[in-house]
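Asks: Take a look at the following structure, please.
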Ligand SMILES: [Zn+2]
């Protein structure tokens, strides 16, 4: 059963209406999605994509029954070796805890369960999995394809949720895969409630992954600038110089041999380099990190901002 009341039209933000068992339409008669095909329901999930303004093609999505066009197999011995080389996200674990603590502390005041939106939640790493295991948050997840972890199919450039409708947004290893990251971040800003939290992780010193669907990288400053409309609570490196070196080594061998698997196997002898991450010098290591994270809060309101501004406070006293 799909609760379409929580969504809105990704084009005009009007409420949606179930047309039949296979489609949803916009209630705005002037909207291109107000009649005709509307939005298809694929694999039990609504595909709330503004197809006219998205790289997601309706025909291809329907033909794939909402499934992914890229193989995303993650199991077996090889996956284990891959994890040994790539490491597990201890920093992500810690940040997930503080993200949840803050959300629940804020949500506790209103009494309602905080709603968390996972952007690009079709596949998640073990540390983000803990969000899915929590019963004290209301998790909503989408990706450009349907998976057992998603609730709807969508495009981050035009999110099918009303303004100020979620308490938290989790976006991990996604912004490098979107055409216009600043548009996606402004959509996150729009759907977040005032004071809501955003947590983002984006790679820096990592070679191309997911082939043609990998568009960009950010430095620490670039990532902070991307989230400039939020009040930064915390930001930093994910994986230091050792992790970056392992990535480079894997891709050194991949470039020479043409085999990603061989790249991983040939990088195995140096997997221990990532334990050097913790000994690296914070400043210089920040310039060579494998990736960055940012935790920020949406600005509560103009008035609370003015009140907390030291210059204004000084002028008033
Ligand atoms: Zn509409």
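Quick note: the coordinates plus some simple rules give every number you see, no bench work behind them. The model shown is predicted, which means the values in this text are computed figures rather than measured ones. Every residue, glycine among them, receives a Cβ derived from its backbone with ideal geometry; neighbour counts consider all protein chains shown.
Asks: Could you let me know the centre-to-centre spacing of the range 1-70 and the range 188-240, using Cα atoms, in angstrom?
Replies: 28 Å
Asks: Also: Fewest Cβ neighbours within 10 Å first, please rank 273, 197 accordingly. Display every interim value, and only then the final one.
Replies: Values: 273 17, 197 25.
Ranking 273, 197 by Cβ neighbours within 10 Å, fewest first, gives 273, 197.
Asks: For the pair residue 186 and residue 132, how long in nm is the line joining their label points, each one 7 Å along Cα→Cβ?
Replies: A separation of 3.2 nm, rounded to one decimal place.
Asks: Place a point 7 Å from Cα of residue 55 in the direction of its Cβ. Which residues in the range 187-209 have their backbone N less than 13 Å from it?
Replies: Backbone N within reach: 209.
Asks: Say each of residue 272 and residue 221 gets a label point 7 Å from the Cα, pointing the same way as Cα to Cβ; how far apart are those two points in nm?
Replies: About 3.7 nm separates the two model spin labels.
Asks: Provide the gained length on full extension for the span residue 3 to residue 257, in nm with one decimal, where the gain is 0.36 nm per separating residue minus the Cα-Cα distance.
Replies: Numbers: separation 254, 0.36 × 254 = 91.44 nm, distance 4.97 nm.
Contour length minus Cα-Cα distance gives 86.5 nm.
Asks: Follow-up question, since we're still on this one. Hey, in the GNM for the chain with a 10 angstrom Cα cutoff, which one of 16, 100, 135 fluctuates hardest?
Replies: Judging by the Gaussian network model, the answer is 135.
Asks: Separate question: Of 261, 217, 17, which has the largest mean-square fluctuation in a 10 Å C-alpha GNM of the chain?
Replies: So, out of 261, 217, 17, the one fluctuating most is 261.
Asks: Can I ask one more? Restricting to the chain, compute how many DSSP beta bridges are antiparallel as a %, nearest 5. Write down the numbers at each step before the final one.
Replies: On the way: 24 of 42 bridges.
Percentage antiparallel, nearest 5: 55.
Asks: Contour minus end-to-end for residue 232 and residue 125, with contour as 0.36 nm per residue of separation and end-to-end as the Cα-Cα distance?
Replies: Details: separation 107, 0.36 × 107 = 38.52 nm, distance 2.41 nm.
Length gained between residue 232 and residue 125: 36.1 nm.
Asks: Still on this structure, I have one more. Once you keep just the Cα pairs under 8 angstrom separated by 6 or more residues, what percentage relative contact order results for the chain?
Replies: On the way: 561 pairs, mean separation 49.9, N = 317.
Across the chain, relative contact order equals 16 percent.
Asks: If neighbour count is taken as other Cβ atoms inside 10 Å, put 172, 210 in order from fewest to most. It would help to have the intermediate numbers written out before the result.
Replies: Numbers: 172 25, 210 12.
Going from least to most buried by this count: 210, 172.
Asks: Tell me, in nm to one decimal, what length is gained between residue 19 and residue 64 on full extension, where the rule is 0.36 nm per residue of separation less the Cα-Cα distance?
Replies: Contour length minus the Cα-Cα distance gives 14.0 nm.
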